[in-house]
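A.B. asks: Here it is, the structure in full.
What follows is calculated from the coordinates using simple rules that are stated; it is not laboratory data. Remember, predicted model here, so these are calculated numbers, not experimental data. Because the Cβ atoms are built from the backbone with ideal geometry, glycine has one as well, and the counts that use them run over all protein chains shown.
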Amino acid sequence: MFVHRPFLKAPQHMSAFAAPALSMNAPTTRIVSRRARVLADHVRAVPRRAPTEAHRVATKANSSKSDADVEVSDEEMQRLTGLITKKIDDNDVVVWAKSWCPYCDEIKALFDDMEVAHLAVDLDKFNEEKALVSALARMTGQRTVPNVFIGGAHIGGCDDTMALKKSGELRKMLTDLGVSFKQA
């Protein structure tokens with residue numbers, strides 16, 4: 001049953017899009033309005049509060065080992081490094097990624113939009129995911145994805161690649177390599 005409550009006004013931090021949630025029935029108003037605030041923050045692109053020191057300590061304690069910290073034998077590391085190096089040498093543009101990562105999707109979309117022939121390797125599709133991430137981290141010093149290589153040179157991650165695009169250096173690098181791409 002819908003009950004209209006005209007005396008409730010939308011707080012200043014809520015957008016008009018999220019404000020109708022305040023008109024809901026009393027028992028669910030608190031839950032719905034909290035969801036509406038979250039929605040309003042996303043709609044307005046309000047940055048979230050920085051995590052507290054206690055949160056950082058708790059997070060660090062819970063995730064003491066990242067994918068890049070997995071122990072891999074020297075023999076296995078050499079094999080994986082060889083595979084990674086071969087893929088990088090055989091392709092002008094290589095994106096080491098994970099299928100669920102929005103930053104990886106952004107880089108893949110960038111190269112798709114530019115119509116650049118590239119190899120996108122989703123590491124999470126392999127049984128050796130953690131070992132591959134560890135090998136990449138050892139090779140590049142970068143523990144995160146996407147991990148972008150152009151012409152055999154390590155470019156960096158999403159922010160680094162987007163900065164190259166913005167400055168025009170990405171087009172210059174691709175042109176110098178002889179890689180064809182769509183002029184925008």
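A.B. asks: With K108, K125, K98 as the choices, which residue is among the basic types (K, R), buried (at least 17 other Cβ atoms within 10 Å of the Cβ) and farther than 27 Å from Q183 by Cβ? Steps first, please.
C.D. replies: Values: K108 fails: farther than 27 Å from Q183 by Cβ; K125 fails: buried (at least 17 other Cβ atoms within 10 Å of the Cβ).
The conditions single out K98.
A.B. asks: If we keep just the residues of the range 69-85 that are not hydrophobic (A, V, I, L, M, F, W, C) and not in a helix (DSSP H, G or I), which is nearest to Q142 (Cα to Cα)? Write out each step before concluding.
C.D. replies: Taking the range 69-85 first, the residues not hydrophobic (A, V, I, L, M, F, W, C) are 69, 71, 73-76, 78-79, 81-82, 85.
Add one more test, that the residue is not in a helix (DSSP H, G or I), and what stays is 71, 73.
Details: E71: 17, S73: 20 Å.
Once the filter is applied, the top-ranked residue is E71.
A.B. asks: For T140, indicate whether it is touching a strand residue (DSSP E or B) at 6+ places or on another chain (Cβ under 8 Å) and either of a type outside the set (A, V, I, L, M, F, W, C) or without any contact (Cβ under 8 Å) to a residue 12 or more places away in the chain (or both). Lay out the reasoning, then the answer.
C.D. replies: Details: touching a strand residue (DSSP E or B) at 6+ places or on another chain (Cβ under 8 Å): yes; either of a type outside the set (A, V, I, L, M, F, W, C) or without any contact (Cβ under 8 Å) to a residue 12 or more places away in the chain (or both): yes.
Spelling it out, T140 is indeed touching a strand residue (DSSP E or B) at 6+ places or on another chain (Cβ under 8 Å) and either of a type outside the set (A, V, I, L, M, F, W, C) or without any contact (Cβ under 8 Å) to a residue 12 or more places away in the chain (or both).
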